[in-house]
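Down below is the structure, laid out as structure tokens.
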Amino acid sequence: MTILLQLFVSFFQIGLFSIGGGYAAMPLIQAQTVEMHTWLTPLEFADLVTIAEMTPGPIAINSATFVGMRVAGIPGVLAATLGNILPSVIIMLMLARLYERYREQTLMKHILEGVRPTVVAAIFTAGLSLLKLAVGPISSLDYFALGVFITAFLFANGRKITLSPIILLLFGALGGIGWSALGF
Amino acid sequence: MSTKPVIDLKFYLKLFWTTFTLSLFTFGGGFVIVSLMRKKMVVQLGWIDDEEMMDFITIAQSSPGPIAVNASLMVGYHLAGVPGALVSTLGTILPPMVILSLISVGYEAVAENTWVKAAFHGMRAVVAAIVLQVTWALFRTLAETKKVLPLVLFAVAFIALFVFRVNIMVVMVMMVLLSILLSIREARKEKMR
């Protein structure tokens with residue numbers, strides 16, 4: 001199978017199975033790009049999520065473009081992005097037609113409710129692997145990263161102060177540079 | 001009430017430009033972009049009425065794929081059929097495609113730079129925190145329903161994914177099938193009544 005077809009099929013699956021929006025696509029992207037294919041290292045995947053947080057647009061489209069470009073240049077971008085949005089195009093056009101006729105759709109709602117616990121579990125699992133990557137194994141814990149993690153976790157949804165992801169990432173970047181400049 | 005616009009070349013350009021700028025300046029994921037889309041399409045342009053837009057957002061959220069792309073598809077189709085859907089989708093995906101293409105090229109060039117590495121070292125921990133904070137918020141909404149089934153499904157899915165490392169797509173397919181079965185059973189029960 002050529003690389004373009006592989007990109008197309010992988011991101012088609014990501015598009016098809018990312019139900020529930022937002023972060024739902026992230027564990028699927030991880031499974032396809034890091035585990036099933038070795039297009040990204042775990043560290044590069046973590047960097048990709050970081051970049052996706054800082055740039056506009058859905059994480060799936062961001063990832064399709066980033067991975068497509070790295071693996072096969074601009075044709076790769078087109079194959080991965082097209083694959084990613086094709087399930088949406090097919091399903092939404094079908095639903096849009098039904099909507100204009102019936103204006104309701106129970107089955108989709110039931111499916112969403114049914115898979116929501118799985119989506120939460122999948123995001124949790126992906127979050128844990130990102131955490132492990134950031135702070136390292138327990139035997140050689142990265143105390144700087146652990147400190148940044150705890151601080152960011154508290155301020156991401158604080159009781160008094162809640163900071164936006166962009167601001168938190170900015171502080172994280174400055175902290176990392178400062179820590180490195182201090183010679184650690 | 002909304003007034004459907006006249007479908008001409010000028011309309012398509014306007015639709016493209018509207019979705020393009022919405023996508024370009026929207027940070028922070030699907031939920032942010034759909035609320036801005038509502039403001040633009042319902043309040044400023046008057047192309048769609050509020051109730052329709054709410055329906056579109058609900059459908060976009062409960063269907064596979066990125067919410068922003070789904071919502072654009074619905075809006076575009078509603079306004080001008082398949083050509084409208086394609087134009088608004090193109091407007092939505094073009095900004096991230098261009099931006100991430102450039103970043104991807106830049107990333108390869110600077111990924112080994114000491115300072116870039118140091119910045120990502122700090123940001124990696126922040127991203128883990130953001131993702132786990134999101135998980136916590138999602139988990140709380142699951143728990144607040146006070147139903148047992150979602151929590152059991154969460155535990156089963158977590159053990160399958162985290163402990164046994166089952167492929168996520170396998171787990172998703174099983175859960176979709178299960179929900180369809182439950183949905184059919186519920187529909188039957190309604191009929192019996």
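The values are calculated or read from the model by the stated rules, or taken from the named source; none is laboratory data. A quick note: this is a predicted structure, and the numbers were derived from the prediction, not measured. Cβ coordinates were reconstructed from backbone atoms using ideal geometry, including for glycine residues, and neighbour counts include every protein chain displayed.
Would you check if there is a residue in segment A:81-88 being modelled with pLDDT under 95 and outside the structural domain of A:Ala152 (by TED's automatic domain parsing)?
Yes, some residue in segment A:81-88 is modelled with pLDDT under 95 and outside the structural domain of A:Ala152 (by TED's automatic domain parsing).
Take A:Ile166 and decide whether it is in contact (Cβ under 8 Å) with a residue 24 or more places away in the chain and either more than 28 Å from B:Met175 (Cβ to Cβ) or more than 7 Å from chain B (Cβ to nearest Cβ) (or both).
Here the answer is yes, as A:Ile166 does meet what is asked.
Out of (1) under 19 Å from A:Phe12 (Cβ atoms); (2) in contact with a helix residue (DSSP H, G or I) (Cβ under 6 Å, 6 or more places away or on another chain), the odd one out for A:Met94 is which?
Looking at each condition in turn, A:Met94 falls short on (2).
Give the residues of segment A:9-38 that are surrounded by fewer than 23 Cβ atoms within 10 Å (Cβ to Cβ) and under 19 Å from B:Leu100 (Cβ atoms), sorted by residue number.
A:Phe12, A:Gly22, A:Val34, A:His37
Across segment A:1-32, which residue is farthest from the other protein chains (Cβ to nearest Cβ) among those that are more than 24 Å from B:Ile33 (Cβ to Cβ) and in contact (Cβ under 8 Å) with a residue 24 or more places away in the chain?
Step by step, filter segment A:1-32, then rank; the result is A:Leu5.
If you check B:Ile168 against the conditions, is it β-branched (Val, Ile, Thr) and in the same structural domain as B:Leu24 (by TED's automatic domain parsing)?
Against the criterion (β-branched (Val, Ile, Thr) and in the same structural domain as B:Leu24 (by TED's automatic domain parsing)), B:Ile168 does not qualify.
What number of residues within segment A:113-143 are out of contact with any Lys or Arg (no Cβ under 8 Å at 6 or more places or on another chain) and buried (at least 20 other Cβ atoms within 10 Å of the Cβ)?
Residues in segment A:113-143 being out of contact with any Lys or Arg (no Cβ under 8 Å at 6 or more places or on another chain) and buried (at least 20 other Cβ atoms within 10 Å of the Cβ): 16 in total.
Residues checked against (1) outside any helix (DSSP H, G or I); (2) in contact (Cβ under 8 Å) with a residue 12 or more places away in the chain; (3) within 18 Å of A:Leu95 (Cβ to Cβ); (4) not assigned by TED's automatic domain parsing to the domain that holds B:Trp17:
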residue	(1), (2), (3), (4)
B:Val32	no, no, no, no
B:Ser35	no, no, no, no
B:Asn70	no, no, yes, no
B:Ala80	no, yes, yes, no
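Please give the helices (runs of 4 or more DSSP H) falling wholly within segment A:58-161 in which 3 or more residues are closer than 28 Å to B:Ile184 by Cα.
By residue number, A:59-102, A:106-135.
Scan segment A:39-75 residue by residue and report those that are of a type in the set (Gly, Ala, Ser) and crowded, with 19+ Cβ neighbours inside 10 Å.
Scanning segment A:39-75 gives A:Ala46, A:Ala52, A:Gly57, A:Ala60, A:Ser63, A:Ala64, A:Gly68, A:Ala72.
State yes or no: is A:Ile51 at pLDDT 95 or above, at the interface with chain B (Cβ under 10 Å from one of its Cβ atoms), closer than 26 Å to B:Phe20 by Cβ and part of a helix (DSSP H, G or I)?
For A:Ile51, the condition - at pLDDT 95 or above, at the interface with chain B (Cβ under 10 Å from one of its Cβ atoms), closer than 26 Å to B:Phe20 by Cβ and part of a helix (DSSP H, G or I) - is not met.
Answer yes or no: is there a residue in segment B:114-122 that is assigned to a helix (DSSP H, G or I) and on the phi > 0 side of the Ramachandran plot.
No; the residues of segment B:114-122 include none that is assigned to a helix (DSSP H, G or I) and on the phi > 0 side of the Ramachandran plot.
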